[in-house]
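Taking it in order: structure first as structure tokens, then the write-up.
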Amino acid sequence: AIDILDGRCVRLYQGDYGRRTVYPVEPQDVAVVFQNEGADMIHMVDLDAAREGRPVNTDIMKKVIDAVSIPVEIGGGARTIDHIEFYLDMGARRVVIGSMALDTEFVKAAMRLFGPSKVAAGVDVRKGHVMVDGWSRDGGLPVELVIRRLAECGLTTIIYTDITKDGAMTSPDFDAYRRLVTAFPTLDIVASGGISSVEDVVRLASTGVAGVIIGRALYEGRIKLTDLKEKRNAG
């Protein structure tokens, strides 16, 4: 994960914009390191865009896309069909919708125009409810209902983040991911938030998730992608 706020690489603590860690590195340089160490995809989030409801740090996103050969997916601020198209035209492999994932008509339109391989939903959860507008507002719907509606709209990839775990390095809620994988066997559930060790990744793999997104643990050296790659190659 590469999260951008005010043009800089950051990690938030539990989604709080006021509790940020800023990393003195260029986003495109970080992306190249992640690629060279074995990442399958770069997950970028424009945190400014998530608050403002429109793309903001587009120049940075483009630099990252141009710097690597692995796919880049972009989330944050994609509130219209034009926003999705803009990111895809920029070269993003996939766009992650968050707040608009609660609008079933919007999701259906996105599926018709772009298909499930180009659009994923970021389901950001606090105490069982989906949060929107940059994690600042409770969307008022339970997570299982939201995911069920997304599946009915034809969407196939869900990035599930427990906000209380994000940036906290406290390990994910493994049982929650196991329940989701069991309840929605046709969906690709991607785990995000709280992943702080290689052991966390191994345990998540055993739940059946389709992938994991790692942020702070990479910046701080608690996880090395090369170690994960060796474990994967070893089966």
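Per-residue extension of 0.36 nm, minus the Cα-Cα distance of GLU52 and GLU105, leaves a gain of 16.9 nm for this segment. For region 142-235, taking the reciprocal of the average inverse distance between every pair of different Cα atoms yields a Kirkwood hydrodynamic radius of 13.7 Å. Across the chain, the mean sequence separation of Cα contacts (distance under 8 Å, 6 or more residues apart), normalised by length, yields a relative contact order of 15 percent. Taking each residue as 0.36 nm, the span from GLU220 to ILE70 lengthens on full extension beyond its C-alpha to C-alpha distance by 51.8 nm. Spacing of the modelled spin labels on LYS229 and VAL198, each 7 Å from Cα toward Cβ, amounts to 1.4 nm. Length gained on full extension, LEU141 to ASP175: 10.2 nm, using 0.36 nm per residue less the C-alpha separation.
Based on C-alpha pairs under 8 angstrom that are at least 6 apart in sequence, region 41-114 has a relative contact order of 29 percent. Across the accessible surface of the chain, with the other protein chains kept in place and a 1.4 Å probe, carbon and sulfur atoms take up 47 percent. When the Cα atoms of the chain are aligned to their principal axes, the ranges along those axes come out at 41, 39, 34 Å in descending order. For region 1-122, the equivalent ellipsoid built from the Cα gyration tensor has semi-axes of 23, 18, 11 Å, listed from largest to smallest. Computing FRET efficiency as 1/(1 + (r/R0)^6) for GLU152 and THR21, where r is the C-beta to C-beta distance and R0 is 41 Å, gives about 0.60.
The values are calculated or read from the model by the stated rules, or taken from the named source; none is laboratory data. What you see is a predicted model; the values in this text were computed from it and never measured. A quick note on method: Cβ atoms are made from the backbone with ideal geometry, for glycine too, and the neighbour counts reach across all protein chains shown. Areas reflect the complete protein model, heavy atoms only, side chains present, ligands, DNA and RNA absent. Shrake-Rupley method; radii C 1.70, N 1.55, O 1.52, S 1.80 Å.
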